[in-house]
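Worksheet: one structure, shown below.
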Amino acid sequence: MKELRIRRVGVLATATLCAAAIGATAVGASASSADKQDDVATITMELEGKNVFFDGPSSIDSGEELAIVNNTNPRQIGPHTFTLVEKSELPKSKQEMKDCAKFKTEFCVRILEAHKVDLKKGTVGKPSVDVGKTGWDKSFGKKGDSWVAETEGEEEDRVVSAKPGTKLFYFCLVHPEMQGKLKVTGDMSVAMQLSQVL
Ligand SMILES: [Cu+2]
């Protein structure tokens, strides 16, 4: 069991602070690539001034490795999640984001539960949740792929197992204004052949 750096009070304070800044926050991932390693696509968690956001590519090939890297200090901004989410479930309004960060919405509580978060103890029982096929493919709904970043510099690498043509939407449960979209590209016919063989 890993210890969360920021306890409930810290998380809520952060979330409230961020909710206040939502109006001014730039949402979404830019097309720039943070080339930490040459051939691994990377989405980073960033903090600039009061803006907290994901920075990463807008598309990726199916079967490629995708790394998520936390470039922020949890003492400043709290932990993050990188959570795949169905487009319809993304919190949109300021109020929806606030309610999600305060775990008032059933959908957001589901993600919390998937990570086996104990708010009283401030612990995350299961930082890596990988359902569906191994790798990044399954969006919440009921179950989905998600990762909790608790420390600065922490990284999670998984292959993109979603089919070409899929759009993966993602957000952070702690700061729901952190959102992004990833188009999964690649040769559909190769993917079809593969799925017949496997
Ligand atoms: Cu976050």
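The values are calculated or read from the model by the stated rules, or taken from the named source; none is laboratory data. Computed from a prediction, not measured in an experiment: that's the story for all the values here. Note: ideal-geometry Cβ built from the backbone for every residue, glycine included; neighbour counts use all protein chains shown.
What are the pairs, 6+ residues apart or on separate chains, where a residue within segment 140-156 that is under 12 Å from K126 (Cβ atoms) and modelled with pLDDT of 95 or more has its Cβ under 7 Å from a residue that is within 15 Å of the ligand (Cβ to nearest atom) and of a type in the set (S, T, N, Q)? Sorted first by the residue in segment 140-156, then by its partner, the pairs are S146/T81; S146/T83; W147/T81; V148/T81.
Look at (1) surrounded by 15 or more Cβ atoms within 10 Å (Cβ to Cβ); (2) more than 19 Å from N70 (Cβ to Cβ); (3) more than 16 Å from the ligand (Cβ to nearest atom) and you find that K142 fails only one, number (1). Scanning segment 61-93 for residues that are away from the ligand (no atom under 16 Å from the Cβ), touching a residue at least 40 places away in the same chain (Cβ under 8 Å) and not charged (D, E, K, R) yields S62, G63, L66, A67. Would you say T83 is touching a Leu at 6+ places or on another chain (Cβ under 7 Å), surrounded by 15 or more Cβ atoms within 10 Å (Cβ to Cβ) and within 17 Å of S139 (Cα to Cα)? So T83 passes the test. Restricting attention to segment 145-191 and to residues that are hydroxyl-bearing (S, T, Y) and over 21 Å from E96 (Cα atoms), the residue that is farthest from the ligand (Cβ to nearest atom) turns out to be S189. In segment 49-60, the qualifying residues are those that are surrounded by fewer than 19 Cβ atoms within 10 Å (Cβ to Cβ) and not in a loop (DSSP other than H, G, I, E, B), and the one that is nearest to the ligand (Cβ to nearest atom) is N51.
Sort out which residues of segment 87-139 are hydroxyl-bearing (S, T, Y) and not in a loop (DSSP other than H, G, I, E, B), and write them in order of number. Within segment 87-139, S88, T123, S128 meet the criteria.
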